[in-house]
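Step one of this worksheet: look at the structure below.
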């Protein structure tokens, strides 16, 4: 009865047709076989192709390869499912299925909520409000989960997947070497194995037509023969050959590795030979990696690590950065490479250039990393122009503390270099563990997406863990949904997600999470509501009293969770499973919070070590959704804060 006709020939549209077939058969398990064929002249069945193939208007898209228009016009038996580029066709298929009742709550088969029903007619047309909608690898990675994360990305309307590093071994080591979890046996992986896995990720990204953003970290190290597979770890010895030492950034009169780390060491950007060496490294990479849509060219990580030699002092790091990017642009033109470049407004290059300008802005986009912002406050849709931005002072200027400062810096970048901007955000790095109840952080995400868009940004990519779904995937659902449609209502999203994850009794779960948030507010673990800074960022007797109530709240709620242990939908069963572990998590963590908030710092430190070990023991049961390493990274500084006799150690 049903058939799928591909109007256009393209590997992404081929995949879209297979996905449509799979989920239609799951929705209608007795419907029989659904044949797929290539038929440009088809007039019946489900017709998949570019909007242009159907004579549909695509003028609202400014750039066909970057903007996504979704167009669906179907009856109960077939019709048009189209987009303005192949990726958009796949996104339109998932939107069609969503409008027919399907949901993807978290990555993997267990996160699929697929109804059994007859399909309904759908009429839908929309261009995504944000051009850049995606995520970037971070945290502790393992390959099956990366496959699920990439597969999940377009299902919830996102269009970007980024892979940091030439070889992201440092992130894989975080998982396979069991960082932060001594209860599991380590399973080391080689650099060659990780490189193969990165290529596998790239193939899956390409299959879905996602924008592939690559690299970012490591250019200055790689160009001078430094090894980046160990990430930020210092080596305590000079990695670069002696003949290259003159190219290394001079600091305090010496040219050497910063902190023993090649990844945190900049190069002397006023040295033409040094710039040429890095430029050719970038161009060689671009030439051999034509699957890369946006090649991110960042300077060395860390702050206050720019060259202080006599020549470099003549311009700011951002001015030298722009000169460097002009070199890269020129070399890519010589090689006839269309690769787009993302430059980074981040740490010391947060300050816009003063005199240098991009020769060809069309190649570049600005990637704004507000890494030192406060995640308990959202991005305002109205730019605060009253914030004072002091001039940059080489290797001394304090980094911004508010989003308002970052927005003003980004505006200056956009105005002087005439380039569009998108944000990199860190909601799913550490902040997700600092909001114990998760719902306040979810609202911040919603408001941030809208705030950035109102301030002229074209979207966001998240630099965070691919396992950010504990105790629910609601925060990530909010993120993706709002990027696609900035007018989507937060409460409507909450009902949509929770009703599918927890069934008809979902309001009980929402009420419980709200209660948790009242007992331990987001601001506490973030370190913003101390009663006495001299006694530590987390000293708050009021929170100690309220957090002590968590075990009783958990005990009361546990009967409800246990009663929903087995559900008809697997996605609901897994959602309640995560809640069961979350209740254990709350009970154990509450004891640590009570000690810390009471000022019993040494006791809190010991209790934290014990609790973290307990979590490690059950990590394997929830590892597809919970990142043990990032949990450890986020909360260890809270409970090991150096305080003694009422004095905070600086």
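The values are calculated or read from the model by the stated rules, or taken from the named source; none is laboratory data. Fair warning: this is a prediction, and the values are worked out from it, not measured in the lab. Cβ: placed from backbone, ideal geometry, glycine included. Neighbour counts: every protein chain shown.
For region 539-546, the condition holds for no residue, the condition being that it is buried (at least 20 other Cβ atoms within 10 Å of the Cβ) and within 23 Å of residue 621 (Cβ to Cβ). Criterion applied to 334, 297 was being modelled with pLDDT of 95 or more and surrounded by fewer than 16 Cβ atoms within 10 Å (Cβ to Cβ), and the one residue passing it is 334. Beta carbons closer than 6 Å, at least 6 apart along the sequence or on distinct chains, pair a first residue in region 147-158 that is touching a residue at least 24 places away in the same chain (Cβ under 8 Å) with a second that is part of a loop (DSSP other than H, G, I, E, B) for 148/107; 148/108; 149/107; 149/466; 152/107; 154/208.
Within region 489-500, restricting attention to residues that are in contact (Cβ under 8 Å) with a residue 12 or more places away in the chain and out of contact with any strand residue (DSSP E or B) (no Cβ under 9 Å at 6 or more places or on another chain), the residue that is surrounded by the most Cβ atoms within 10 Å (Cβ to Cβ) is 498.
Conditions (1) under 21 Å from the mean Cα position of the chain (by Cα); (2) in the same structural domain as residue 473 (by TED's automatic domain parsing); (3) part of a loop (DSSP other than H, G, I, E, B), marked per residue:
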position	(1), (2), (3)
101	no, no, yes
107	yes, no, yes
120	no, no, yes
141	yes, yes, yes
146	yes, yes, no
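Taking first residues from region 453-470 that are in the same structural domain as residue 375 (by TED's automatic domain parsing) and on the phi > 0 side of the Ramachandran plot and partners that are part of a strand (DSSP E or B) and modelled with pLDDT of 95 or more, the Cβ contacts under 9 Å between residues at least 6 apart in sequence or on separate chains come to 456/421; 459/132; 459/133; 459/134; 459/160; 459/422; 459/423. The test for being closer than 19 Å to residue 303 by Cα and surrounded by 17 or more Cβ atoms within 10 Å (Cβ to Cβ) does not hold for residue 375.
In the set 575, 558, 590, 598, only one residue is touching a residue at least 24 places away in the same chain (Cβ under 8 Å), farther than 23 Å from residue 502 by Cβ and touching a helix residue (DSSP H, G or I) at 6+ places or on another chain (Cβ under 9 Å); that residue is 598. Scanning region 169-197 for residues that are closer than 24 Å to residue 619 by Cα, in contact (Cβ under 8 Å) with a residue 24 or more places away in the chain and in contact with a helix residue (DSSP H, G or I) (Cβ under 6 Å, 6 or more places away or on another chain) returns 169, 172, 174, 179, 180, 181, 183, 194, 197. If you go through region 78-88 and pick out every residue that is assigned to a helix (DSSP H, G or I) and surrounded by fewer than 24 Cβ atoms within 10 Å (Cβ to Cβ), you end up with 2.
Considering only region 240-283, state which residues are assigned to a strand (DSSP E or B) and within 35 Å of the chain's Cα centre (by Cα).
From region 240-283, those assigned to a strand (DSSP E or B) are 248, 250-251, 254-255, 258, 261, 267; that's our starting set.
248, 250, 251, 255, 258, 261, 267, listed by residue number.
Please work out if residue 406 is in the same structural domain as residue 216 (by TED's automatic domain parsing) and in a helix (DSSP H, G or I). Answer is yes for this residue. Taken over region 337-383, the residue count meeting the criterion of being over 26 Å from residue 464 (Cβ atoms) and within 26 Å of the chain's Cα centre (by Cα) is 6.
So which helices (runs of 4 or more DSSP H) are wholly in region 426-512 and hold at least 3 residues that are over 23 Å from residue 213 (Cα atoms)?
Where helices (runs of 4 or more DSSP H) fall fully within region 426-512 and carry at least 3 residues being over 23 Å from residue 213 (Cα atoms), they are 439-454, 490-502.
Inside region 118-139, residues that are more than 30 Å from residue 214 (Cβ to Cβ) and surrounded by 15 or more Cβ atoms within 10 Å (Cβ to Cβ) make up a count of 4. Between 97, 91, the distinction of being in contact with a strand residue (DSSP E or B) (Cβ under 8 Å, 6 or more places away or on another chain), in a helix (DSSP H, G or I), modelled with pLDDT of 95 or more and closer than 23 Å to residue 131 by Cα belongs to 91 only.
Can you find a residue that is at pLDDT 95 or above, in the same structural domain as residue 439 (by TED's automatic domain parsing) and in contact with a strand residue (DSSP E or B) (Cβ under 8 Å, 6 or more places away or on another chain) anywhere in region 353-363?
Start the filter on region 353-363 by keeping residues that are at pLDDT 95 or above, which leaves 353-363.
Among the residues that remain, those that are also in the same structural domain as residue 439 (by TED's automatic domain parsing) are: 353-363.
Of the ones still in play, those that are also in contact with a strand residue (DSSP E or B) (Cβ under 8 Å, 6 or more places away or on another chain) are 358, 363.
Checked against the condition, which is being at pLDDT 95 or above, in the same structural domain as residue 439 (by TED's automatic domain parsing) and in contact with a strand residue (DSSP E or B) (Cβ under 8 Å, 6 or more places away or on another chain), region 353-363 yields at least one hit.
Scanning region 155-170 finds one or more residues that are in a helix (DSSP H, G or I), touching a strand residue (DSSP E or B) at 6+ places or on another chain (Cβ under 9 Å) and within 23 Å of residue 208 (Cα to Cα).
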